[in-house]
Amino acid sequence: NIFDGASTGCKRCNSAADCSGPLPYCLKTPLGICTPTCLSGQYPNLTTMQCEDCAANCETCLNTTACKICKPDYYRYETQCVLTCPLGTWPDPFTKKCSPCQENCRDCTSFSTCVECIDDLFLLDDSCVQSCPETGYYPNIDTIRSCEPCMVTNCEKCQNATSCTLCKADRKSV
């Protein structure tokens, strides 16, 4: 069948394999059947006048390399569909895209939840900072660079979790 564009129906092709006619009115599926539109997971190739398959895991595409909508459980990263978003991005369940982390964040689980900072920055709660606050925290560089809270009671400044260097007013260093 060939879609004529002027009506809501299709007109007959010369044969099931002869899909001559201007786009978007006449396309040939991989099975050799004439159709006005391509199936899900296919796109209209304007050069060959045929419906061609999108890349794997892509539901709607512009061509074999440019995906617009990914299949379920996949996220769009640039023009590809991926199961896991790359470093510096996070899987946004609403847009189904790999969205960028906040500035200075190397790895995150959402835009507002950073789990590792870039270069020489420190992770404080969910954000990246140049240095740790002087009161109540110490810089931990053992695994990821982070600002960790002093664990010693009544400690104002600490060297690590258990070593207090300055007590709060009216207290002694232990």
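Annotations
- Residues that are without any contact (Cβ under 8 Å) to a residue 40 or more places away in the chain, surrounded by 14 or more Cβ atoms within 10 Å (Cβ to Cβ), touching a Lys or Arg at 6+ places or on another chain (Cβ under 9 Å) and part of a loop (DSSP other than H, G, I, E, B) are absent from the stretch 97-114 altogether.
- Residue in the stretch 125-143 that is farther than 30 Å from residue 162 by Cβ, in contact with a strand residue (DSSP E or B) (Cβ under 9 Å, 6 or more places away or on another chain) and of a type in the set (Asp, Glu) present: no
- Subset of the stretch 77-93 [free of Cβ contacts under 8 Å to residues at least 24 places away in the same chain and either more than 28 Å from residue 144 (Cβ to Cβ) or of a type in the set (Ser, Thr, Tyr) (or both)]: 77, 79, 84, 89
- Failed condition for residue 125, given (1) under 13 Å from the mean Cα position of the chain (by Cα); (2) farther than 30 Å from residue 40 by Cα; (3) open to solvent by 40 Å² or more (accessible area, probe 1.4 Å): (1)
- Number of the condition not met by residue 148 [criteria: (1) in a loop (DSSP other than H, G, I, E, B); (2) under 21 Å from residue 106 (Cα atoms); (3) among the charged types (D, E, K, R)]: (1)
The values are calculated or read from the model by the stated rules, or taken from the named source; none is laboratory data. Bear in mind that the values here come from a model prediction, so they are computed numbers and not experimental data. As a convention, Cβ positions derive from the backbone with ideal geometry for all residues, glycine included, and neighbour counts pool all protein chains shown. Side chains are part of the model used for accessible areas, which takes the heavy atoms of the whole protein and leaves out ligands, DNA and RNA. Shrake-Rupley method; radii C 1.70, N 1.55, O 1.52, S 1.80 Å.
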